[in-house]
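S.K.: Here you go, one structure.
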Amino acid sequence: MPLPLEDYALIGDTQSAALVGKDGSIDWLCWPRFDSDACFAALLGDSSHGRWLLAPVGNIRKVTRRYRPGSLVLETDFETDYGSVRVVDCMPPRGAEPDVVRVVHGLKGTVPMRMELSVRFGYGDRTPWLRFGDNHAVVKAGPDAVALHTPVVMRRSQSVLSADFPVNPQERVPFVLSWFPSHQPMPRVIDGLAAADDTEAWWKEWSSRLPATTPWFEHVQRSLITLKALTYSPTGGIVAAPTTSLPGGAGGDARYCWLRDATLALQALLDAGYLDEARAWRDWLVLAVAGEPDEVQTVYGVAGERRLPEQELPWLPGYESHAPVRIGRRAERKLHVEALGELMDCFHEAERLGLSPAGDMWSLQRALLEHLEGAWKRPPEGRPTTLSGVMAWVAVDRALASAARFGLDAPVDRWKQLRADIHAEVCRDGFDAGRNTFVQEYGGRALDAQLLRIPLEGFLPPEDARVRGTVDAIERELSEGDFVRRGSARDSGLSLPCSFWLADCLQLIGRREEAQALFERLLLVRNDVGLLPEEYNLQRRRGVGAFPHTSSHVALIHTAMGFARRQAPGARR
């Protein structure tokens, strides 16, 4: 059985990622990209679906773990009846092919260790062919192959590699697992001992750019490292999470790039001083949405792919038996106004903070706005939502701001009238005057926690009575403990991003002490290595949904930075 989500840690090389359990088992790894087939899929089944165990034999008294400061190099210490041992896990920055490095380091006593490697390509669907060489073994099936190099003597039982070996104090035993296309020669093996130190140095150099005076420095730094780890470095695309089909949250395959929260991710990177990563994310957005406005999707592949065929994997029972397991996403070609608002906001914020335009960005922005003029009153389905209206206003407002700031050609008078019309409609039809709150749909009564973005986007100032009324209503009707449900439906999950947005809003409306206290309680949801899920299950006291979740970490960074500037992001624009 897989472990609770909070018992997993993340390692990655900015092109793919793995989840390492407290028990020493890597239960999830997709190679060579985030959205590639998994070769370890025990997270969604059991050990027969692929995993890599490296842990002491016998009774384990205590497990403690941490990342090396400022890095994504994981250290897990096991205390046993025989002594103590440390397992170091990392994925070095990508060379010719990807690697996972694991090093066993003896601390005290002579500890018997066990290694079991069960590779199952195709999400646990393919039993591979295996052969031995000098100090290595090669596992192949279909287009995929991996090679395991170690000085330890290995044996096989059917298609599982295993080894039993003792570790003495100060002794270090390396294991290097490398992926390569099965039709090509095995890549040159890297030095596992040196690779762990080199990987630490690489991450420390990257993370050291964050000023040490940043509020909640260690928390923000860990979230930035997680954001970097979930960025596909060849293109700059940021995946929502490295996992698929975990119960709770939005569900489905999270290993793709969403336009939602585009601006918040950009701001997080820019506020922390990571201009190259912010530019790469902005450039990915430009390339992904290139084409006609009505072809824009809400989700894309890491290289901007638009076709993400959805498929069910019936042989996987699912995490904690939550089936079905699906890969891929059905991405509708409908221009959601929320996505358009995110794009326009992101493009304007990038230019405002000093990123030079990518290509003919203004032509793209004008095309999107011209499409919006005729589309903003036609929601994809059902009644218009208040959030759609707010984000339509954001799109026009940011276009006007860009035109004014940079002297760009634009139908300014027409756009000003459009902005005023949208604002008036949202305030008239999306506001319940009797309850003094904005509502999810025009004319409806249900609330939507995403309406906390109204002051964050600058749609209304924080001191407006309607903003205060909406914050009060969401606190009263959608809050459970320290968390905020996405909507009024009882099955709505307790969203961590929405919970951080509540802290933002409390700070903006002058309830700073309450906001800071809430923020610090939300930080306690992070697991022992600082990772956040998509949602929280209050009854089980456990994280649920995609893990680790980019939007949750971006929201943490944004809230921490907000306390420093004491200003709604929209007010800066």
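S.K.: So who's got an amide H within less than 5 Å of the one on Leu107, skipping anything under 5 residues away but keeping other chains? H placed 1.01 Å off N, in plane.
M.R.: Residues meeting the amide H criterion: Ser84, Val85, Arg86, Gln170.
S.K.: In Å and from the alpha-carbon atoms only, list the Rg and Dmax of segment 1-48.
M.R.: Reported Rg and Dmax, both Å: 10.2, 28.
S.K.: With a point put 7 Å past each Cα toward its Cβ, work out how far Glu463 is from Asp409 in nm, to one decimal.
M.R.: 4.1
S.K.: What full-extension length gain, to one decimal in nm, is calculated for Ile60 and Leu524 as 0.36 nm per residue of separation minus the Cα-Cα distance?
M.R.: On the way: separation 464, 0.36 × 464 = 167.04 nm, distance 2.61 nm.
So the extension gain works out to 164.4 nm.
S.K.: Work out the length of the dipole vector of segment 433-573 about its Cα centre, built from +1 on the beta-carbon of each Lys and Arg and -1 on the beta-carbon of each Asp and Glu, and round it to the nearest 20 debye. Could the numbers behind the result be given before it?
M.R.: Values: 20 positive and 18 negative charges, 21 e Å.
Once rounded to the nearest 20, the dipole reads 100 debye.
S.K.: Would you compute, for the Cα atoms of segment 182-332, the largest minus smallest coordinate along each principal axis and list the three values in descending order, in whole Å?
M.R.: The principal-axis extents, from largest down, are 45, 43, 35 Å.
S.K.: Give the whole-number value, in cubic angstrom per residue, of the convex hull volume spanned by the C-alpha atoms of segment 448-573.
M.R.: About 98 Å³ per residue, rounded to a whole number.
S.K.: Rounded to the nearest 0.05, what FRET efficiency do Lys108 and Glu477 give with R0 = 56 Å and r taken as the Cβ-Cβ distance? Could you check? Don't jump to the answer; show the numbers that get you there.
M.R.: Values: r = 54 Å, r/R0 = 0.97.
Computed FRET efficiency for Lys108 and Glu477 comes out at 0.55.
S.K.: Still on this structure, I have one more. Two-decimal Rg/Rh of segment 276-426 from alpha-carbon positions, Kirkwood Rh? Don't jump to the answer; show the numbers that get you there.
M.R.: On the way: Rg = 17.8 Å, Rh = 16.9 Å.
Reported Rg/Rh, Kirkwood definition of Rh: 1.05.
S.K.: Compute the whole-percent fraction of alpha carbon pairs in segment 9-88 spaced more than 14 Å apart.
M.R.: 63
S.K.: So, one more: Given the alpha-carbon gyration tensor of segment 217-299, what are the semi-axes of its equivalent ellipsoid in whole angstrom, ordered largest first, with each equal to the square root of 5 times an eigenvalue? Each step should come with its number before you reach the end.
M.R.: Values: eigenvalues 90, 71, 21 Å².
In descending order, the three semi-axes are 21, 19, 10 Å.
S.K.: Then there's this: Taking the convex hull of the Cα atoms, report for segment 125-213 its projected area averaged over all directions, in nm².
M.R.: So the mean shadow area of the Cα hull is 9.2 nm².
S.K.: Right, here's the next one. Using a/c under 1.5 as the rounded threshold, could you call segment 54-136 rounded, prolate or oblate? The axes a ≥ b ≥ c are square roots of the C-alpha gyration tensor eigenvalues, and prolate needs a/b larger than b/c, oblate otherwise.
M.R.: Numbers: a/c = 2.07, a/b = 1.39, b/c = 1.50.
Since a/c reaches 1.5 but b/c is at least a/b, the shape of segment 54-136 is classed as oblate.
S.K.: In addition: Using the Cα centre of the chain as origin and beta-carbon charges of +1 (Lys, Arg) and -1 (Asp, Glu), tell me which of Ala229, Phe34, Thr199 is placed farthest towards the positive end of the dipole.
M.R.: With unit charges placed on the Cβ atoms, the residue in question is Thr199.
S.K.: Another question, if that's okay. Roughly how many whole Å is it from the C-alpha centroid of segment 154-202 to that of segment 419-485?
M.R.: Between the Cα centres of segment 154-202 and segment 419-485 lies a distance of 54 Å.
S.K.: Of Lys22/Lys228; Lys108/Lys140; Lys22/Lys204; Lys22/Lys108, which ones are farther than 28 Å apart at the Cα?
M.R.: Lys108/Lys140
S.K.: Next question. Rounded to whole Å and ordered largest first, report the semi-axes of the equivalent ellipsoid of segment 254-320 derived from its Cα gyration tensor (root of 5λ).
M.R.: In descending order the semi-axes read 27, 18, 9 Å.
S.K.: Moving on. Rg over Rh of segment 1-139, using C-alpha atoms and the Kirkwood radius, what does it come to?
M.R.: Reported Rg/Rh (Cα atoms, Kirkwood Rh): 0.96.
S.K.: Same structure again: Rg and Dmax of the chain, using alpha carbons, in Å: what are they?
M.R.: When restricted to the Cα atoms of the chain, Rg and Dmax are 24.6, 78 Å.
S.K.: Using the charge dipole of segment 365-515 (Lys, Arg: +1 at Cβ; Asp, Glu: -1 at Cβ; taken about the Cα centre), state which of Leu400, Tyr442, Pro462 has its Cα farthest towards the positive end.
M.R.: Leu400
S.K.: Set the Förster distance to 56 Å, then compute FRET efficiency between Ser159 and Glu514 from the Cβ-Cβ distance, nearest 0.05. Intermediate results must be reported in sequence, preceding the final value.
M.R.: On the way: r = 57 Å, r/R0 = 1.01.
Computed FRET efficiency for Ser159 and Glu514 comes out at 0.50.
S.K.: What dipole magnitude, in Debye to the nearest 20, does the chain give about its Cα centre under +1 on Lys/Arg Cβ and -1 on Asp/Glu Cβ?
M.R.: Charge dipole, the chain, about its Cα centre: 380 debye, nearest 20.
Readers should treat all values here as calculations from the given coordinates under stated rules, not as data from a laboratory. Treat the numbers as computed from the prediction; the structure is a model and nothing was measured. Counting neighbours? That spans all protein chains shown, and the Cβs are built from the backbone with ideal geometry, glycine included.
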